[in-house]
Amino acid sequence: MSETTVRRVLQRFVLPADRDLDVVPLYVDTEAATLDADKDAIGSNKSAQALNKASARQATSSGTALHPDDIIDRRTLRVGPSSRISMGTYFNGFPASYWRRWTVVDQVRLDVSVRGAGASVIVYRSMANGRSQRVEGWTSTSSGTSSASFDLTLTPFVDGGWYWFDVVSGDEEVVLTEATWSAEVPAERADTGRVTIGITTMNRPDFCAELLAQIGEDADVQSLLDDVLVMEQGTQKVVDDPAYAKAEAALGAKLRIIEQGNIGGSGGFARAQFEALKGSSKYVLFLDDDIVAETESIVRAVTFGDLARRPTIVGGHMFSIYQKAQLHSFGEIIQRHRFWWMSPKSSEDQWDFSARNLRSTRWLHRRVDVDFNPWFMCLIPLDVVRQIGLSLPLFIKWDDSEYGLRAQAAGVPTVSMPGAAVWHVPWTDKNDALDWQAYFHQRNRFVAALLHSPFPHGGRMVRESINHQIKHLIAMQYSTVELRHLALEDVLAGPEALHEQLGTRLGYVREFRKDFGDAQLEADPDAFPPVRHSKPRKRNDSSELPGRVSQLASAVIGGIRQFRPVRGLSQEFPERNLPAMDARWYTMATLDSAIVSMPDGTSAAFYKRDPEKFKDLLARTAAIHERLHREWPQLSARYREALGEITSPEVWEKTFADSMKDRT
């Protein structure tokens, strides 16, 4: 007896909501395809590989562009006479290999409707190596609306590959009126899972209100929503923003503002999990408060989750909010020996689709499997939350990556899904490893490693941490060294204090940091004395990146210099003005002082070398890392044993209540 099935839409053709020409290359493509070289043809020669990598990033765009008037609405596109437009793009290509690997779908149907005679629809598929081939074609003969359907197997997409279609017009313009990808799925998978959206906000009322309005204006998203929860942790309230009234009117009773103390992103997202567990939703969807969403991504993520073979975390990608066609990362893994997040070696960061399209980019056709998805957009089945608990109480940093690893250990995969994305400030435009956030980077990374590292002493973690401390010391970043030291002291104290410190550690860290010169920022350039030297410099300064040998030499020479007296004028006058991008440790190693600007361009600080502070911090760094290495096995056991309790709803509920005690 055959299993009863129903047809379900997987993905729909979509266009930019506001006709923003900067994002058009993510939706439709007017360019030809020029595939980059195959790695097998390049061979193992390092110079050839580097040359090919550089050439693959070269723009192939000829400058053709879609006229904004051709975007009739969200799902209707005009194609002028004698034109060809491809839907082999990020948002409108069909990522067949992801559906093949992670869902119950084994065959899809593409339905395309056009208005106008002489329109050819050509279906293509690619392989994991990026090569593509024509699959089927059809030409309209009626001047009215006509449709075509294509049944397409997912069998040959084990390692990668996409489906897409092109529309080619004849002597007259045609209009693409609709296109959908659908599949026959088991009848028990027919219903769309309901979702609770959780947004943590902290003094970004304008961004957050606009995001809420975006969600409220999309009827398709509204149809699957149970609740939209805003965890309000700031003093600048989203309810006071002018755009909030519009969002409130659209979302109605589904919108709930939950006030709590500032317990960070992990505290906000844990609250979303906690509240969603009380309801009947199938999923909780995390969104950052400072994003611009492609709301169709929400529908796609839920659909993918509904049809996944097993409970699966489904995440979206991040595009730059400044360069809107630039994909920041295609997936995130944890390199276990270093215990550091990174992109898989098969992918590239900061990929500009306006310069080189999907069909011309070989690596984008290989499926990328991930360990976690950052929580700027991440859909989590609530059955998974019931199974593995809520977020760790980490405030910020590593909460999302730890959760992905925890889920993975429980047999729950994470999929970073092409065609689902948001626009966000990219990590490359920040340097949060030097300010107060350095404490959370260090502490939380070690907590996550103690929980999940497969190595008895954390692999290279302790050694690399020492190396980083020495670099910060040579760079005169004494506040960063002290914060990282404090972080390790808190790690060694064990898991018991994580909840207790959640609402207080930020204030302590910020106050603690104020006593250091490298943390005392000034926005006014005239607040600092002019550059002056005891004697003329022998060579010109260079901002060029040195090779590995030169860096090692800088480390040795810079280390020796730390035990020598500082130059006479350096404590009163800076020896250089350094932009943030040039303030590398090997440059700082040659100086006794400098004015160093911050990565966001808003301020600068006066760095001064202090030999006595260097010696003290170096000795303490050696001692605490020796202790950390020695105690690692026992400490790891303590954290793993406590994990279930500190991520439980019961313990989190007390933390939520405690966070409100000092809130005014």
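Under 5 Å between amide H atoms, partner at least 5 residues away or on a different chain: which partners does GLU136 have, H built in plane at 1.01 Å?
Here the answer is VAL123, since their amide H atoms fall under 5 Å of that of GLU136.
Order 265-275, 20-30 from most to least packed using the mean count of other Cβ atoms within 10 Å.
Details: 265-275: 25.5, 20-30: 21.0.
Top to bottom by mean Cβ count within 10 Å: 265-275, 20-30.
Between their Cα atoms, which of LYS237/LYS608; LYS324/LYS345; LYS397/LYS661; LYS345/LYS608; LYS282/LYS345; LYS278/LYS397 are more than 29 Å away from each other? Display every interim value, and only then the final one.
Details: LYS237/LYS608 40 Å; LYS324/LYS345 24 Å; LYS397/LYS661 25 Å; LYS345/LYS608 39 Å; LYS282/LYS345 34 Å; LYS278/LYS397 27 Å.
Those over the limit are LYS237/LYS608; LYS345/LYS608; LYS282/LYS345.
Tell me which aspartates and glutamates have Cα within less than 12 Å of LYS514's Cα, excluding those fewer than 8 residues away on the same chain?
Once the sequence-local aspartates and glutamates are set aside, what remains near LYS514 is ASP435, GLU482.
Return a whole-number percent for the relative contact order of segment 5-188, with Cα pairs under 8 Å and 6 or more residues apart as the contact set.
On the way: 392 pairs, mean separation 61.5, N = 184.
So the answer I get is 33 percent.
Quote the relative contact order of the chain in percent (integer), defining contacts as alpha-carbon pairs under 8 Å separated by 6+ residues.
Working: 1367 pairs, mean separation 86.6, N = 664.
Taking the mean separation of contacting Cα pairs over the length of the chain, I get 13 percent.
Give me the percent of DSSP beta bridges within the chain that run antiparallel, rounded to the nearest 5. Before the final figure, lay out the partial values.
Working: 71 of 98 bridges.
Bridges in the chain are about 70 percent antiparallel.
Rule-based calculations on the coordinates, nothing more; no lab input. As the structure is a prediction and not an experimental result, all values here were calculated from the model. Cβ coordinates were reconstructed from backbone atoms using ideal geometry, including for glycine residues, and neighbour counts include every protein chain displayed.
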